[in-house]
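Everything on this sheet refers to the single structure shown next.
The values are calculated or read from the model by the stated rules, or taken from the named source; none is laboratory data. As the structure is a computational prediction, the values presented were derived from the model and not from experiment. In this analysis, Cβ positions are derived from the backbone assuming ideal geometry, glycine residues included, and neighbour counts consider all displayed protein chains. Ligands, DNA and RNA are excluded from the accessible area calculation, which covers all protein heavy atoms including side chains. Shrake-Rupley method; radii C 1.70, N 1.55, O 1.52, S 1.80 Å.
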Amino acid sequence: MKSKFLITFILLIFIANLQSQSDYEIVQSFKVRYQQLEQQIKNAVTLDELNAVTGEIERLKNEFSTYRELLDRSLYPDNFEKSFDKLGNSLIIRKADFTQIDVLQTEVITLRSEVDELNKKNAELLNQIQLLEVQRKKDAETIAQLEKLVSELRASLKKRDELVYAIIDSLAPKLSGDVSALTQKEKEQIVAETEKKNVLYIVKKSLRDNNRFLEVTTLKPSDLEEVKQQQSNFVSLWQKVGPKLVDVYTGRKDKSQELKDIDALFTSWKTGIQREAWESIREDFALNNINLQSFYNGNEFTEIVTAFINDEIKSYGLKSKEESQKIYSIFVDSVWYKTIANEWMPYLLDNNMLTTQQKEMIEKKISEWKEVISPKDLTLIYVGVGVLIVFIAAFFLLRKKNGTKSVQSTN
């Protein structure tokens, strides 16, 4: 009897263990399948893939519905229904992402078309401006036409760049996270999208046009400030995407080189803005027939300007006084104080292109030149000394005369 009871007890324990092990396997199987679906939702790269996951979620739910009570206890603090609600919400969010991408794709197609049109327009404007720049000294009508074209081109370049920004920004959602964690499939998807939108070509074209704009135009400080801001905005946006594209394109030498070319064009644009400032200053002198050697930094500018003034000081007296005074008047009155000191000097100082010491050195040299051309201050000193001498002499003569009269009166 005892033996029979013992056997029954052992069998009951064995059955309970089997039941317990079976419940554990059911829960583990559910969790594994559930996690696979979560990963599928996360990794989906098309709307079709997401739609396929919808069917798999329903199958999982139906298959494990008979174990609802077991799963409710095992999935705490969630339960069977809440777990599937979470999957459903994740699916809705990811579908919204793809809807947004489809909208962006449509917008990008429109943007690409507008960018192409503006590229053609800008190319024509750049060619017209380059031709007119050669004639800009000839007449007021040409200058007015040139200024109008430059203004139109600047507005067109700005509008085109804003469209390019939107195209670059359309890549941001897929490049927002850690790019190194992307799968090869995800990287290939981004590469395909980038090439479909022709992003690298569009960016390079935009940068080349902006560089050429600086090459063919003569700009004022206010113009350059706008260009600097435009460049800063472009750089800020590209830095959010460009470095990550480098990682995506790793292993593709042709595209990696294109990305390096883009970085070089950004650098060229930045240095081009500084070069344009110096060339525009030199052009201001040239328009007044003061032809200086080329200069591209503060040291060269200071050396060339002071050397020109030194030559004029040394040559004073070797040419007519009228010619020397005319050159001085044009250089100092018509160019330096009217344009350079008034318009360009604040820009040069604010952008650390010229130091205060260099500015003072040039102006000191201008003062020396002035003393040679018209030493008015020295003349006034001579006149003053002469008047003083005459006054003193008159004073002593008068005193002597009064003294003589006093002696005679006493006698």
Checklist entry - Restricting attention to region 229-240, does a residue exist that is more than 28 Å from residue 125 (Cα to Cα), open to solvent by 60 Å² or more (accessible area, probe 1.4 Å) and out of contact with any Pro (no Cβ under 8 Å at 6 or more places or on another chain)? => result yes
Item to check | Single unsatisfied condition, residue 305 versus (1) at pLDDT below 90; (2) closer than 30 Å to residue 369 by Cβ; (3) among the aliphatic types (A, V, I, L, M) | outcome: (1)
Checklist outcome for this item: Filtering region 150-192 down to residues that are open to solvent by less than 20 Å² (accessible area, probe 1.4 Å) and acidic (Asp, Glu) yields 161
Checklist entry - If residue 204 satisfies every condition in (1) closer than 19 Å to residue 118 by Cα; (2) open to solvent by 60 Å² or more (accessible area, probe 1.4 Å); (3) of a type in the set (Lys, Arg) but one, which is the exception? => result (2)
Checklist entry - With (1) more than 30 Å from residue 228 (Cβ to Cβ); (2) modelled with pLDDT of 85 or more as the list, and residue 349 as the residue in question, which single condition is left unmet? => result (1)
Next on the checklist: Condition (residue is open to solvent by less than 10 Å² (accessible area, probe 1.4 Å) and under 27 Å from residue 130 (Cβ atoms)) applied to region 246-256: is it met by at least one residue?
Outcome noted: no
Checklist entry - residue 191 is checked against (1) within 28 Å of residue 351 (Cβ to Cβ); (2) among the aliphatic types (A, V, I, L, M); (3) in a helix (DSSP H, G or I) and fails just one. What number does that condition carry? => result (1)
Next on the checklist: One residue is enough: does region 42-55 have a residue meeting the conditions touching a helix residue (DSSP H, G or I) at 6+ places or on another chain (Cβ under 8 Å) and more than 30 Å from residue 188 (Cα to Cα)?
Outcome noted: no
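Filter region 16-55 down to the residues that are over 25 Å from residue 193 (Cβ atoms) and at pLDDT below 75, then identify the one that is least open to solvent (accessible area, probe 1.4 Å).
Looking only at region 16-55, we keep the residues that are over 25 Å from residue 193 (Cβ atoms), and these are 16-37, 55.
Filter once more, so that each one left must be at pLDDT below 75: 16-21.
Details: 16: 56, 17: 94, 18: 86, 19: 108, 20: 72, 21: 102 Å².
Looking at the filtered set, the residue picked out is 16.
With the condition kept exactly as written, say whether any residue in region 314-327 is part of a helix (DSSP H, G or I), under 15 Å from residue 362 (Cβ atoms) and touching a residue at least 40 places away in the same chain (Cβ under 8 Å). First the steps, then the outcome.
Taking region 314-327 first, the residues part of a helix (DSSP H, G or I) are 314, 321-327.
So of that shortlist, the ones also under 15 Å from residue 362 (Cβ atoms) come out as none.
No, region 314-327 contains no residue that is part of a helix (DSSP H, G or I), under 15 Å from residue 362 (Cβ atoms) and touching a residue at least 40 places away in the same chain (Cβ under 8 Å).
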Next on the checklist: For region 278-303, give me each residue that is free of Cβ contacts under 8 Å to residues at least 24 places away in the same chain, under 21 Å from residue 363 (Cβ atoms) and open to solvent by 30 Å² or more (accessible area, probe 1.4 Å).
Outcome noted: 282, 293, 300, 303
Checklist outcome for this item: Within region 127-164, of all residues that are modelled with pLDDT of 70 or more and among the small types (Gly, Ala, Ser), the one farthest from residue 229 (Cα to Cα) is 144
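Provide a single number: the residues in region 210-226 that are open to solvent by less than 10 Å² (accessible area, probe 1.4 Å) and either over 19 Å from residue 151 (Cβ atoms) or in a helix (DSSP H, G or I) (or both). Before the answer, list the steps.
Residues of region 210-226 that are open to solvent by less than 10 Å² (accessible area, probe 1.4 Å), as a first pass: 210, 213-214, 217, 219, 224.
Right, trim to either over 19 Å from residue 151 (Cβ atoms) or in a helix (DSSP H, G or I) (or both) and you get 210, 213-214, 224.
Here the count works out to 4.
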Checklist outcome for this item: Restricting attention to region 56-77, the residues that are open to solvent by 30 Å² or more (accessible area, probe 1.4 Å), modelled with pLDDT of 80 or more and within 51 Å of the chain's Cα centre (by Cα) number exactly 2
Checklist entry - Taking region 286-306 on its own, how many of its residues are closer than 13 Å to residue 335 by Cβ, in contact with a helix residue (DSSP H, G or I) (Cβ under 8 Å, 6 or more places away or on another chain) and part of a loop (DSSP other than H, G, I, E, B)? => result 5
Next on the checklist: What's the number of the only condition in (1) open to solvent by 20 Å² or more (accessible area, probe 1.4 Å); (2) out of contact with any Phe, Trp or Tyr (no Cβ under 9 Å at 6 or more places or on another chain); (3) under 30 Å from residue 238 (Cα atoms) that residue 273 fails to meet?
Outcome noted: (1)
